[in-house]
Amino acid sequence: METIKVIIAGARGRMGKEAVYMVQKAENLQLAAVLDHKYNGQMLSELEGFAGIDVPIFTNINECFSEVEADVLIDLTTPETGYIHTKTALEHNIRPVVGTTGFTEEQLKELKELAEEKRLGCIIAPNFAVGAVLMMKFSEMAAKYFQDVEIIELHHDKKLDAPSGTAVKTAQMIAGVREAKQQGHPEEKETMKGARGAEMEGMHIHSVRLPGLIAHQQVMFGADGQTLTIRHDSYNRASFMSGVKVCVETVMKVETLIYGMENILD
Ligand code: NAP
């Protein structure tokens, strides 16, 4: 079994910390370094919560990618930083696995072109939870039979982007199969801005932000005399880690950018 050498960006964060623990536990993965915007030159083991994990911390991305021998970058940072990290990793022949959400269509297109030009795998997954991927797939199935749908995504109040990448991805998958429809009353008027949420192809997406939540989504379909609700809940961030591991293993075997874990799972 080949060992895959991994750099993690955002290792001190809520997702990044879980990713560090997952990589440490996995027999086929090895943590080579972490990329941060603080603590340059220190060892990760010097920081709280990482006792015994002796890998260097870099704040200069080019230095990190040139000095450290690595196969994969796991990025769990912020949209602006994540984009720069992903692009720079590809330029250094390192394969990105990106959980960071909030990339624009234009950025995704540019990264796909770069991955294909370099013949490198790159996986960008707005949701690493297997249950969430199934929720999206089941919603896509249901959308063939139900034209009317509202997506309600619920997250913790530290989340920077809205709507969530998962909600946007779900809406895109639904739009691909559903007969186009402008939902609601044709003369519907918001008396308070935002009451009907964001609109995408005639569907509505609502973003709830509350402390106590982690990552949740409910897709509600309606038709004459019936509703169908498909819901997924992530109660902790460990729920994402088996998906991260699958992506790290898969990114080594592909030569293009894959957007969404639903394109990896059978
Ligand atoms: P978080 O706790 O805020 O962690 C982000 C980490 O990135 C922090 O340690 C932050 O450091 C660090 N960071 C910020 N700027 C940086 C830079 N320039 N270079 C290196 N590190 C930098 O956020 P989170 O909840 O872990 O989420 C991280 C990302 O994953 C978000 O985009 C979120 O939407 C996404 N997410 C994805 C999934 C999925 O399944 N794909 C699931 C949950 C979350 P400071 O704290 O010092 O700023």
Taking the conditions exactly as written (at pLDDT below 95, surrounded by fewer than 19 Cβ atoms within 10 Å (Cβ to Cβ), more than 24 Å from A19 (Cβ to Cβ) and of a type outside the set (A, V, I, L, M, F, W, C)), does E116 satisfy them or not? no
Candidates I152, I174, I123, filtered to the one that is more than 11 Å from the ligand (Cβ to nearest atom), under 21 Å from I264 (Cα atoms) and among the β-branched types (V, I, T): I174
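If I ask for residues that are part of a strand (DSSP E or B) and more than 16 Å from the ligand (Cβ to nearest atom), which ones from the stretch 177-206 would you list?
Across the stretch 177-206, the qualifying residues are A198, E199, M200, M203, H204, H206.
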Do you know which of the residues in the stretch 205-227 that are open to solvent by 40 Å² or more (accessible area, probe 1.4 Å) and aliphatic (A, V, I, L, M) is farthest from A238 (Cα to Cα)? A223
Output yes when any residue across the stretch 15-25 is open to solvent by 60 Å² or more (accessible area, probe 1.4 Å), in a loop (DSSP other than H, G, I, E, B) and within 21 Å of C247 (Cβ to Cβ), and no when none is. no
For H37, the lone unmet condition from (1) near the ligand (Cβ under 9 Å from one of its atoms); (2) assigned to a strand (DSSP E or B); (3) surrounded by fewer than 21 Cβ atoms within 10 Å (Cβ to Cβ) is (2)
List every residue pair whose Cβ atoms lie under 9 Å apart, where the two residues are 6 or more positions apart in sequence or sit on different chains, the first residue falls within the stretch 192-221 and is aromatic (F, W, Y), and the second residue, located anywhere, is assigned to a loop (DSSP other than H, G, I, E, B) and open to solvent by 50 Å² or more (accessible area, probe 1.4 Å). F221/Y145; F221/Q147
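Restricting to the stretch 41-53, name every residue that is away from the ligand (no atom under 11 Å from the Cβ) and either closer than 18 Å to I74 by Cα or not in a helix (DSSP H, G or I) (or both).
Answer for the stretch 41-53, where residues must be away from the ligand (no atom under 11 Å from the Cβ) and either closer than 18 Å to I74 by Cα or not in a helix (DSSP H, G or I) (or both): G41, Q42, M43, L44, E48, G49, F50, A51, G52, I53.
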Of the conditions (1) within 24 Å of T250 (Cα to Cα); (2) free of Cβ contacts under 8 Å to residues at least 24 places away in the same chain; (3) not acidic (D, E), M15 clears all except one; give me its number. (2)
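Checking the condition at pLDDT 95 or above, surrounded by 23 or more Cβ atoms within 10 Å (Cβ to Cβ) and either within 13 Å of the ligand (Cβ to nearest atom) or under 18 Å from V6 (Cβ atoms) (or both), which residue from H92, H85 passes?
Unique residue meeting the criteria: H85.
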Looking at (1) surrounded by 15 or more Cβ atoms within 10 Å (Cβ to Cβ); (2) at pLDDT below 95; (3) within 20 Å of G102 (Cα to Cα), which one does G202 not meet, given that it meets all the others? (3)
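Determine whether the stretch 122-141 contains at least one residue that is without any contact (Cβ under 8 Å) to a residue 60 or more places away in the chain and closer than 30 Å to G184 by Cβ. Spell out how you get there, then give the answer.
We begin by selecting, within the stretch 122-141, every residue without any contact (Cβ under 8 Å) to a residue 60 or more places away in the chain; these are 140-141.
Keeping just the survivors that are closer than 30 Å to G184 by Cβ gives 140-141.
There is at least one residue in the stretch 122-141 that is without any contact (Cβ under 8 Å) to a residue 60 or more places away in the chain and closer than 30 Å to G184 by Cβ.
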L44 fails exactly one of the following numbered conditions: (1) surrounded by 22 or more Cβ atoms within 10 Å (Cβ to Cβ); (2) closer than 19 Å to F128 by Cα; (3) of a type outside the set (F, W, Y). What is the number of that condition? (2)
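So that you can scan it fast, the table gives a plain yes or no per residue for (1) open to solvent by less than 40 Å² (accessible area, probe 1.4 Å); (2) under 22 Å from G222 (Cβ atoms); (3) among the aromatic types (F, W, Y):
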position: L120; (1), (2), (3): yes, no, no
position: G131; (1), (2), (3): yes, no, no
position: E140; (1), (2), (3): no, yes, no
position: E188; (1), (2), (3): no, yes, no
position: K193; (1), (2), (3): no, no, no
Strands (runs of 3 or more DSSP E) within the stretch 209-266 that include 2 or more residues of a type outside the set (A, V, I, L, M, F, W, C): 215-223, 226-234
List the residue pairs whose Cβ atoms are under 9 Å apart, where the first residue sits in the stretch 95-120 and is touching a residue at least 24 places away in the same chain (Cβ under 8 Å) and in a strand (DSSP E or B), the second is among the basic types (K, R) and surrounded by 22 or more Cβ atoms within 10 Å (Cβ to Cβ), and the two are 6 or more positions apart or on different chains. none
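Of a type in the set (D, E, K, R) and within 14 Å of the ligand (Cβ to nearest atom): does that describe R209? Full working, then the answer.
Working: of a type in the set (D, E, K, R): yes; within 14 Å of the ligand (Cβ to nearest atom): yes.
The answer is yes for R209.
The values are calculated or read from the model by the stated rules, or taken from the named source; none is laboratory data. Only a predicted model underlies this, so the values are computations on that prediction, with no experimental measurement involved. So basically every Cβ, Gly included, is an ideal-geometry build from the backbone, and we count neighbours across all protein chains shown. Ligands, DNA and RNA are excluded from the accessible area calculation, which covers all protein heavy atoms including side chains. Shrake-Rupley method; radii C 1.70, N 1.55, O 1.52, S 1.80 Å.
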